[in-house]
Amino acid sequence: MLEYKADFIIEYNEIQKGNLKRNDVDWSQSKIIFVSPSFTDFQKQSSNFKDLAIELWEIKQFENEIVVINPIKNLNQHQV
């Protein structure tokens with residue numbers, strides 16, 4: 001996405017019927033979010049790279065349309 005900002009903006013504008021410009025986006029806040037019912041230990045460890053903005057979220061669906069979404073804690077993040 002960061003290497004193809006113009007393509008990203010075009011795609012966004014076509015889908016959203018908008019008029020977003022490259023300078024309207026704070027690209028420093030970009031991150032990758034993976035959502036899955038489960039992750040392997042390898043996937044969890046891969047999200048711990050210091051300079052990569054990656055988040056893992058587990059999602060589970062239960063009876064009666066109950067959905068639970070839990071973040072997988074990054075080991076490099078400091079707990080507050």
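Grab the beta carbon distance between GLU11 and ASN64, set R0 = 35 Å, and tell me the FRET efficiency rounded to 0.05. Write down the numbers at each step before the final one.
Values: r = 37 Å, r/R0 = 1.05.
That gives a FRET efficiency of 0.45.
Charges at C-beta only: +1 for Lys and Arg, -1 for Asp and Glu. How large is the resulting dipole of the chain about its Cα centre, in Debye rounded to 20?
Details: 9 positive and 12 negative charges, 46 e Å.
The dipole of the chain has a size of about 220 debye.
Quick one: P(r) of the chain from all Cα-Cα pairs, 10 Å bins, percents rounded to integers, in order of increasing distance.
The calculated distribution, bin by bin, is 15, 32, 29, 23, 1.
Multiply the residue gap between ILE32 and ALA53 by 0.36 nm, knock off their C-alpha separation, and tell me the result in nm, one decimal place.
On the way: separation 21, 0.36 × 21 = 7.56 nm, distance 0.62 nm.
Gain on extension, ILE32 to ALA53, equals 6.9 nm.
Which net charge results for the neighbourhood of LYS44, defined as the other residues with beta-carbon distances under 14 angstrom from its beta-carbon, given Lys and Arg at +1 and Asp and Glu at -1?
Details: positive: LYS73; negative: ASP41, GLU55, GLU58.
That works out to -2.
Cut-off 10 angstrom, C-alpha nodes, Gaussian network model of the chain. Which of GLU55, GLU65, GLU14 fluctuates the most?
Ranking GLU55, GLU65, GLU14 by mean-square fluctuation puts GLU65 first.
What is the chain's relative contact order, in percent, from Cα pairs under 8 angstrom and six or more apart in sequence? Working shown, then result.
Numbers: 77 pairs, mean separation 17.2, N = 80.
Once divided by the residue count of the chain, the mean separation gives 22 percent.
Under a Cβ-Cβ cut-off of 15 Å, what is the net charge of the residues other than ALA6 that fall near it, where Lys and Arg count +1 and Asp and Glu count -1? Mind showing how you got there, number by number?
Numbers: positive: LYS5, LYS21, ARG22; negative: GLU3, ASP7, GLU11, GLU14, ASP24.
Its environment carries a net charge of -2.
The numbers here are math on the coordinates, done by the rules we state, and not lab data. Computed from a prediction, not measured in an experiment: that's the story for all the values here. Ideal geometry is used to build each Cβ from the backbone, glycine not excepted, and the neighbour counts take in all protein chains shown.
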